[in-house]
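Student: Got a structure here, written out as structure tokens. Questions coming.
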Amino acid sequence: MIEGDTLPTLEAPRLRLRWLTTGDIDGLFDVFSDETMMRYWSSAPMRERAEAEALLTKIQRHFAEKSGFQWGVERKDDGRLLGTCTIFNVHAANRRGELGYALGSAYWRRGYMSEALTALLDYAFGPMQLRRLEADVDPRNAASLGLIGKLGFRQEGLLRERWNVAGEIQDTAFLGLLAREWQARRA
């Protein structure tokens, strides 16, 4: 899957997807405490910096276990952490995983996540040799559904009342993308 002690750095035109370090705790807190960004997330916004510290520990533990790979999305021109991109719940034998992404709301509608996910999908379906990626998106999140739809993901189902986030019951649109579909789009 991914060898070594850290994630490889992936390059996009304006962005760099890179290993997250303790120097990113404040940036992680900024992203995951952003109530607008977290509106359609499967957990409530962070309230304390210690939650970002715990998140970084979890990210690094999942990497060590080879069960999850979460990159920081850094803007090249100023080094600012804008969000994260993740491949998690990786099943090596089935060559599949799940896609996750978060982008601070101040950076929405600028094409950043489209760039980041294109680099990540190239890596997932190239060097990682995944056959399939899945995404779980709140069906009310039209922007996110539009983004991954443009990348080729297809809705495969609706999981009703899947999440309970701070007392609000939420459905999930379940989407999938196959390596052969991605490679055909990129050819």
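The values are calculated or read from the model by the stated rules, or taken from the named source; none is laboratory data. Computed from a prediction, not measured in an experiment: that's the story for all the values here. Reconstructed Cβ throughout: ideal geometry from the backbone, glycine too, with neighbour counts over all protein chains shown. We work out accessible area using only protein heavy atoms, side chains counted, and drop any ligands, DNA or RNA first. Shrake-Rupley method; radii C 1.70, N 1.55, O 1.52, S 1.80 Å.
Student: At 7 Å along Cα-to-Cβ for each site, give me the label-to-label distance between Arg186 and Lys76 in nm.
Tutor: 1.8
Student: Quantify, in whole percent, the carbon and sulfur part of the accessible surface of the range 69-168 (1.4 Å probe; protein heavy atoms only).
Tutor: 45
Student: If you don't mind, another one. Antiparallel as a % of all DSSP beta bridges within the chain, to the nearest 5?
Tutor: 90
Student: Okay, moving on. Could you tell me whether the range 102-187 comes out rounded, prolate or oblate from its Cα gyration tensor? Rule is a ≥ b ≥ c as square roots of the eigenvalues, rounded for a/c under 1.5, then prolate if a/b exceeds b/c, otherwise oblate.
Tutor: Working: a/c = 2.25, a/b = 1.44, b/c = 1.56.
Verdict is oblate for the range 102-187.
Student: So which lysines can Lys58 reach, going by Cα to Cα under 25 Å and dropping same-chain residues fewer than 8 places off?
Tutor: Candidates past the 8-residue exclusion: Lys66.
Student: Amide H to amide H under 5 Å from Ser33: which residues, 5+ apart in sequence or cross-chain, H placed 1.01 Å off N in plane?
Tutor: Placed amide hydrogens put Met46 under 5 Å from Ser33.
Student: Testing the spin-label approximation: label points 7 Å from Cα along Cα→Cβ at Thr9 and Ile169. State their distance in nm.
Tutor: Roughly 4.8 nm, to one decimal.
Student: Right, here's the next one. Principal axis extents for the range 27-116, Cα atoms only, whole Å, descending order, please.
Tutor: 39, 30, 25
Student: Can I ask one more? Net charge near Glu98, counting Lys/Arg +1 and Asp/Glu -1 over other residues with Cβ under 14 Å of its Cβ?
Tutor: Net charge in that neighbourhood comes out at +2.
Student: Okay, next question. At what distance in nm do the modelled label points of Arg95 and Asp122 sit from each other, each positioned 7 Å from its Cα along Cα→Cβ?
Tutor: 2.1
Student: Expressed as a rounded percentage, what relative contact order does the chain have, with Cα pairs under 8 Å and six or more residues apart?
Tutor: For the chain, the relative contact order is 20 percent.
Student: [x] 52, 35, 30; [y] 47, 37, 29; [z] 42, 39, 33: which one is Cα extents along the principal axes in Å as calculated from this entry?
Tutor: Recomputing Cα extents along the principal axes in Å here gives the entry labelled [z].
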